[in-house]
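Single-structure report; data block below.
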Amino acid sequence: MGDAVDVIMTQWLRERPDVDTWPMGIVGRVSRLARLLDRELKEFFAAHGLERWEFDVLATLRRSGAPYELTAGALNRAAMVTSGAITNRIDRLAAKGLVERMPDEGDRRSIRVRLTGPGLAKIDELVAPHVENEARLLATLAPEERDQLAGLMRGLLESLGDTTEE
């Protein structure tokens, strides 16, 4: 038995045997996996009253350590969205009472975004179930396979410029 990408690869081999389509096999599978994982994560977060991006912002603030705050710019870099999008996200989370804006004492032109008590409680409540859900999604992989896959993806991400700024 194969996957949907195997069908696509077979069709290309039949129609264009002169083209080595191996990249389609990898990129196609990564794309399909991303969509499937995104759907699963959206369903998980919806069941907990959040959208995936809301969890991502709350988790980014939580990971930053006490006092669980970052500049809007740092959140923007972590989320890889436009400044307008991060402003909208902060507005929506603030309206829910999960984050608050604070003046940046070191730079009056900047604001800091901080988890509120309810925001901290929400992210702390969801981290363990979220990790359990992700483990469920990856349960078919043996520990060695997980390590190998993570290493291969890390190398590919680094080669494409997705590296840490810390």
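The values are calculated or read from the model by the stated rules, or taken from the named source; none is laboratory data. Remember, predicted model here, so these are calculated numbers, not experimental data. Note: ideal-geometry Cβ built from the backbone for every residue, glycine included; neighbour counts use all protein chains shown. The area values use the complete protein model at the heavy-atom level, side chains included, leaving out ligands, DNA and RNA. Shrake-Rupley method; radii C 1.70, N 1.55, O 1.52, S 1.80 Å.
For this structure, a couple of remarks:
- Scanning the range 1-32 for residues that are assigned to a loop (DSSP other than H, G, I, E, B) and of a type in the set (D, E, K, R) yields D3, R16, D18, D20.
- The set of residues from the range 1-43 being among the aromatic types (F, W, Y) and either surrounded by 11 or more Cβ atoms within 10 Å (Cβ to Cβ) or touching a helix residue (DSSP H, G or I) at 6+ places or on another chain (Cβ under 6 Å) (or both) comprises just one member, W12.
- In this structure, V131 does not qualify as more than 18 Å from H48 (Cβ to Cβ) and either touching a Phe, Trp or Tyr at 6+ places or on another chain (Cβ under 8 Å) or not hydroxyl-bearing (S, T, Y) (or both).
- In the range 97-124, the residues that are in contact (Cβ under 8 Å) with a residue 40 or more places away in the chain and within 22 Å of the chain's Cα centre (by Cα): L98, V99, R112, V113, R114, L115, G119, L120, K122, I123, D124
- Among (1) outside any helix (DSSP H, G or I); (2) under 26 Å from L149 (Cα atoms), the one test that F44 misses: (1)
- Condition met for N88 (among the polar types (S, T, N, Q), open to solvent by 60 Å² or more (accessible area, probe 1.4 Å) and either over 28 Å from L137 (Cα atoms) or in a helix (DSSP H, G or I) (or both)): yes
- Within the range 68-77, one or more residues are open to solvent by less than 60 Å² (accessible area, probe 1.4 Å), polar (S, T, N, Q) and farther than 28 Å from E132 by Cβ.
- Any hit, the range 31-38, residues being in contact (Cβ under 8 Å) with a residue 12 or more places away in the chain, of a type outside the set (K, R), within 26 Å of L126 (Cβ to Cβ) and touching a strand residue (DSSP E or B) at 6+ places or on another chain (Cβ under 7 Å): no
- Looking across the range 109-166, the residues that are assigned to a loop (DSSP other than H, G, I, E, B), aliphatic (A, V, I, L, M) and open to solvent by less than 60 Å² (accessible area, probe 1.4 Å) come down to L141, A142.
- Test: residue in the range 102-114 that is of a type in the set (A, V, I, L, M), at pLDDT 90 or above and in contact with a helix residue (DSSP H, G or I) (Cβ under 8 Å, 6 or more places away or on another chain): yes
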